[in-house]
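Here the structure comes first, spelled out in structure tokens, and everything after it is commentary.
FYI, it's all coordinate maths here, none of it is from the lab. Note that the structure is predicted; figures quoted are calculated from it, not measured. A quick note on method: Cβ atoms are made from the backbone with ideal geometry, for glycine too, and the neighbour counts reach across all protein chains shown.
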Amino acid sequence: MILTTVNFVPGRKILEHYGLVSGSTVRAKHFGKDFMAGLKNIVGGELKGYTELLNESRNEAINRMVTQAQSMGANAVINIRFSTSSVAQGAAELYAYGTAVRVE
Amino acid sequence: MEGLIQIGGAVALLVLAMFTGSIIERRHYASIRAREAQFQNLPAIPYELPAGDEQPLAEVRMVMGSTVVSIDYFKQFLFGLRTLVGGRVSAFESVLDRGRREAVLRMKEQFPDADIIVNMRLETSTVSASTQKALNSVEVLAYGTALKYRK
Amino acid sequence: MIPYKPKDMGEASESSAAQGTSAREFFKLVIFVACLAAGLYFAVGFAVDAVVLRLPADTEQKLFSSMDYDEPEGGAKDKKLLAELDAILEKLLASKQAHPLDYKLFLIDEPRPNAVAAPGGGIGVTRGLLKALSNDEIARAFVIGHELGHFKHRDHLRGMGRAVGLQICYALIFGQADTGGIVGTGAFELAGKNYSRSQEMKADAFGLMLVYQTYGQTKGADRLFRLLEKQRGMPGWAYMFSTHPAHEKRILALKKYAEELEKQPEQK
């Protein structure tokens with residue numbers, strides 16, 4: 001599966017598109033990690049626990065989007081956009097969407 | 001004794017919210033699926049129309065659709081427990097999924113005769129001033145440019 | 001423009017939303033959280049017990065020296081009642097079996113019969129209890145002995161320490177949460193009551209022993225429970241939620257223990 005954030009797949013011709021595909025996931029952080037992050041917040045720096053968690057969740061959202069594209073026989077998703085929103089305290093929604101297409 | 005009454009009340013409310021919540025969700029999904037099938041020939045995609053790609057057009061219109069979804073007490077409780085453990089909050093996923101699909105459908109309903117909606121964007125934002133820990137309402141907005149080709 | 005070809009994605013259209021798993025998830029989570037709470041409860045319990053049982057009496061006295069137990073308001077009648085109790089306390093303390101604290105009796109203005117052991121050596125007795133046991137020295141001695149038993153086993157500190165420890169844990173986990181709050185505190189409370197039931201039995205035994213050593217007899221100690229039982233008339237199912245175990249059960253345990261005491265030769 002080819003994933004791009006532009007309107008085309010460089011070097012390939014797009015044959016047809018199948019419409020919107022999307023994937024999302026809502027993840028809650030664990031109170032232990034939250035506690036450690038709270039401590040880390042005092043000194044500053046990267047919150048590794050959260051970075052990891054959000055990355056993992058974003059990959060999950062991408063996987064779900066790809067599953068949708070595959071089920072329609074697409075071999076690429078173009079115009080991919082991400083959106084992350086904090087839907088509740090301690091939980092974030094990771095959302096990915098794009099256009100499913102078939103390229104040569 | 002008072003504690004017992006409190007727990008009993010909370011459990012009763014939970015069970016009630018669980019049943020009503022699942023009934024509402026099932027109905028909403030049934031309606032979403034039916035309308036999605038109806039709009040199968042009107043795709044909405046984030047594709048950005050490149051300059052010089054214009055086909056002869058009959059009409060161009062900006063379309064948007066939005067919805068505010070709320071969470072029932074049972075799902076909020078589930079989320080409360082979930083924050084202790086961490087991981088996937090499936091209770092919220094279905095609510096957001098419903099909201100998003102509803103917003104896209106409302107956008108399409110603004111111009112049902114269009115051939116395609118391009119440059120579609122989706123946005124999610126928490127609208128209630130959340131003094132509580134749990135999510136109570138979220139707005140989902142879908143917007144894009146609807147094109148109708150000249151036949 | 002790229003040509004569009006409508007296609008059905010089938011099952012995949014629901015890939016971002018799990019449906020119908022809520023109930024199972026709910027039970028899984030509840031069980032997990034219950035285990036977590038139980039683990040926490042026991043951990044805090046062990047930690048508090050370890051500290052409290054090593055706490056020397058004079059340190060305790062200093063720690064809670066700021067605790068001020070109210071003097072009874074009003075008449076000479078109350079003063080007389082307290083003086084009588086003080087005399088009984090002196091007699092009981094003479095055997096030097098009790099935890100060496102500076103005990104202080106105080107009266108609680110409350111019609112329900114009850115007594116409490118407060119940190120720092122305060123023994124509170126309700127007016128209702130004194131009324132129920134008027135002119136019954138052995139029964140009163142048993143009440144005070146029972147509270148002395150709580151001090152002996154540091155129950156007053158253990159209960160308090162647990163409550164404080166659990167509240168700290170609770171605040172750490174939930175923050176200022178609402179969800180789970182009702183269930184959480186309710187469960188903790190219930191567990192706390194359950195815990196102190198075995199302590200009540202132990203305090204009974206200690207009180208009875210003190211009474212026996214001081215007065216040479218135990219007849220009358222069980223009168224307390226018979227009286228209470230008559231007054232309260234608690235239904236059976238409520239026992240589970242009461243701090244004090246079923247009176248019948250306690251009377252039986254007391255009788256058994258009294259027989260044992262009387263069989264043994266006098267010990268000093």
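Which FRET efficiency, nearest 0.05, do B:Val60 and B:Arg121 yield, Cβ-Cβ r, R0 25 Å? Present the calculation step by step, with values, prior to reporting the outcome.
Working: r = 17 Å, r/R0 = 0.66.
So, using R0 = 25 Å, E works out to roughly 0.90.
Take peptide B:36-49, look around each residue's Cβ out to 10 angstrom, count Cβ atoms belonging to other protein chains, and average those counts. Present the calculation step by step, with values, prior to reporting the outcome.
On the way: counts 2, 1, 0, 1, 4, 3, 3, 9, 3, 14, 13, 13, 5, 2.
Mean number of neighbouring Cβ atoms from other chains: 5.
Sort A:90-98, C:162-170, C:108-116 by the packing proxy (mean of other Cβ within 10 Å over each peptide's residues), most packed first. Intermediate values should be presented prior to the final figure.
On the way: A:90-98: 24.2, C:162-170: 16.3, C:108-116: 14.7.
The densest-packed peptide leads the list: A:90-98, C:162-170, C:108-116.
Against the longest principal axis of chain A, how steep is helix A:31-43, in degrees 0 to 90 to the nearest 10, with axes from Cα atoms?
70 degrees
What percentage of all Cα-Cα pairs in the range A:2-103 are separated by more than 22 Å? Could the numbers behind the result be given before it?
Details: 2131 of 5151 pairs.
That tail contains 41 percent of the Cα-Cα pairs.
Among B:Met18, B:Thr145, B:Met64, which residue has its Cα furthest toward the positive end of the charge dipole of the range B:2-149, with +1 on Lys/Arg Cβ and -1 on Asp/Glu Cβ?
Value: B:Met18.
Other chains near A:68-79: what is the mean number of their Cβ atoms within 10 Å of each residue's Cβ? Each step should come with its number before you reach the end.
Details: counts 8, 2, 2, 8, 8, 3, 2, 0, 0, 1, 5, 7.
Mean number of neighbouring Cβ atoms from other chains: 4.
Would you please put B:55-62, A:7-14, C:123-130 in order of how densely packed they are, using the mean number of other Cβ atoms within 10 angstrom per residue and starting with the highest? The partial results should precede the final answer.
Working: B:55-62: 11.6, A:7-14: 13.5, C:123-130: 20.2.
Output ranking for B:55-62, A:7-14, C:123-130: C:123-130, A:7-14, B:55-62.
Defining a contact as two alpha carbons under 8 Å apart and six or more residues distant in sequence, what relative contact order in percent does chain A show?
Working: 193 pairs, mean separation 49.0, N = 104.
Relative contact order of chain A: 47 percent.
Can you list the residues, at least 5 places off or on another chain, whose amide H is less than 5 Å from the amide H of A:Leu15, using H built in the peptide plane?
Under 5 Å from the amide H of A:Leu15 lie the amide H atoms of A:Arg102, A:Val103, A:Glu104, each far enough along the sequence or on another chain.
Compute the FRET efficiency between C:His99 and C:Ile31 as 1/(1 + (r/R0)^6), taking r as their Cβ-Cβ distance and R0 = 45 Å, and round to the nearest 0.05.
Values: r = 41 Å, r/R0 = 0.91.
According to the calculation, E is roughly 0.65.
Note down the net charge around A:Arg12, summing +1 for each Lys or Arg and -1 for each Asp or Glu among other residues with Cβ under 15 Å from its Cβ. Don't skip to the end; give the middle numbers.
Working: positive: A:Lys13, A:Arg102; negative: A:Glu16, A:Glu104.
Net local charge, A:Arg12 excluded: 0.
I'd like the mean, over residues of B:5-14, of how many other protein chain beta carbons sit within 10 Å of each residue's own Cβ.
Details: counts 1, 5, 7, 1, 1, 6, 2, 0, 1, 2.
Mean partner-chain Cβ count within 10 Å for B:5-14: 3.
Quick check: the angle from helix A:48-71's long axis to the longest principal axis of chain A, C-alpha only, nearest 10 degrees?
20 degrees
For chain B, what class follows from the C-alpha gyration tensor (a ≥ b ≥ c being the square roots of its eigenvalues): rounded when a/c is under 1.5, otherwise prolate if a/b is larger than b/c, else oblate?
Values: a/c = 3.71, a/b = 2.62, b/c = 1.42.
Since a/c reaches 1.5 and a/b is larger than b/c, the shape of chain B is classed as prolate.
Show me the ranking of peptides B:6-14, C:7-15, B:95-103, C:198-206 by mean Cβ neighbours inside 10 Å, starting with the highest. The partial results should precede the final answer.
On the way: B:6-14: 14.0, C:7-15: 16.1, B:95-103: 23.4, C:198-206: 18.6.
Answer by packing, highest mean first, reads B:95-103, C:198-206, C:7-15, B:6-14.
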